[in-house]
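These notes concern the structure reproduced below.
The values are calculated or read from the model by the stated rules, or taken from the named source; none is laboratory data. Just so it is clear, the structure is predicted and the values come from calculations on it, not from any experiment. Cβ coordinates were reconstructed from backbone atoms using ideal geometry, including for glycine residues, and neighbour counts include every protein chain displayed. All accessible areas refer to the heavy atoms of the entire protein, side chains included, with ligands and DNA or RNA removed. Shrake-Rupley method; radii C 1.70, N 1.55, O 1.52, S 1.80 Å.
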Amino acid sequence: RFIKKSKATLGFTRFDYTCIIELDGVFSKKTNNFYRAVWKKLEAEQIPFTCHWGKMNDLNFDRIKMMYGADADKWVAARNKLFAGDAAAMKVFTNPILQQWGLDKVL
């Protein structure tokens with residue numbers, strides 16, 4: 001399906017017109033291997049893409065930077081500004097997935 005662009009900094013529908021391809025499946029090694037093959041092929045063909053944040057994905061900060069460019073750094077900076085150096089608050093609002101994705105950086 002086609003959907004219009006989101007104004008969100010890290011909105012996965014970041015392109016003027018986004019074609020969403022839903023490939024839902026059972027969580028398994030075969031499914032993960034299939035998804036990884038799709039992402040690698042999109043990268044190899046230099047086709048810009050993003051992943052739904054709540055679906056299965058294989059994200060890290062390098063891939064997020066590839067997908068979102070400077071907006072990834074803007075998001076991290078905005079998160080840091082929101083917490084204004086309050087280390088305790090940042091700790092409360094940090095979780096393993098933010099750490100895996102590299103979005104927990106303290107500037």
* Give just the number: which of (1) at pLDDT below 95; (2) out of contact with any strand residue (DSSP E or B) (no Cβ under 7 Å at 6 or more places or on another chain) does Thr18 not satisfy? => (2)
* Asked: Do we find that Ala8 is outside any loop (DSSP other than H, G, I, E, B), out of contact with any Asp or Glu (no Cβ under 8 Å at 6 or more places or on another chain) and among the aliphatic types (A, V, I, L, M) in this structure?
  -> no
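What are the residues in the range 1-22 that are more than 17 Å from the chain's Cα centre (by Cα) and among the hydrophobic types (A, V, I, L, M, F, W, C), if any? Talk me through it step by step, then tell me what you get.
Quick first cut of the range 1-22, residues more than 17 Å from the chain's Cα centre (by Cα) only: 1-4, 16-17.
Within the range 1-22, Phe2, Ile3 meet the criteria.
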* **Scan of the range 71-90 for residues that are open to solvent by less than 40 Å² (accessible area, probe 1.4 Å) and either small (Gly, Ala, Ser) or more than 14 Å from Leu10 (Cβ to Cβ) (or both), ordered by number** => Ala72, Asn80, Phe83, Ala89, Met90
* Return yes when Asp58 is under 20 Å from Asp104 (Cβ atoms) and modelled with pLDDT of 95 or more and no when it is not. => no
* Asked: Within the set of pairs 6 or more residues apart or between chains, which connect a residue that is closer than 23 Å to Phe61 by Cα inside the range 1-22 to a residue that is modelled with pLDDT of 95 or more and among the charged types (D, E, K, R) with Cβ atoms less than 6 Å apart?
  -> Thr9/Asp71; Thr9/Lys74
* **Phe93, sole failed condition from (1) at positive phi; (2) open to solvent by 40 Å² or more (accessible area, probe 1.4 Å)** => (1)
* Of all the residues that make up the range 23-40, how many are within 22 Å of Trp101 (Cα to Cα) and in a loop (DSSP other than H, G, I, E, B)? -> 4
* Just for the range 27-70: of the residues that are more than 11 Å from the chain's Cα centre (by Cα) and charged (D, E, K, R), which one is least open to solvent (accessible area, probe 1.4 Å)? -> Glu43
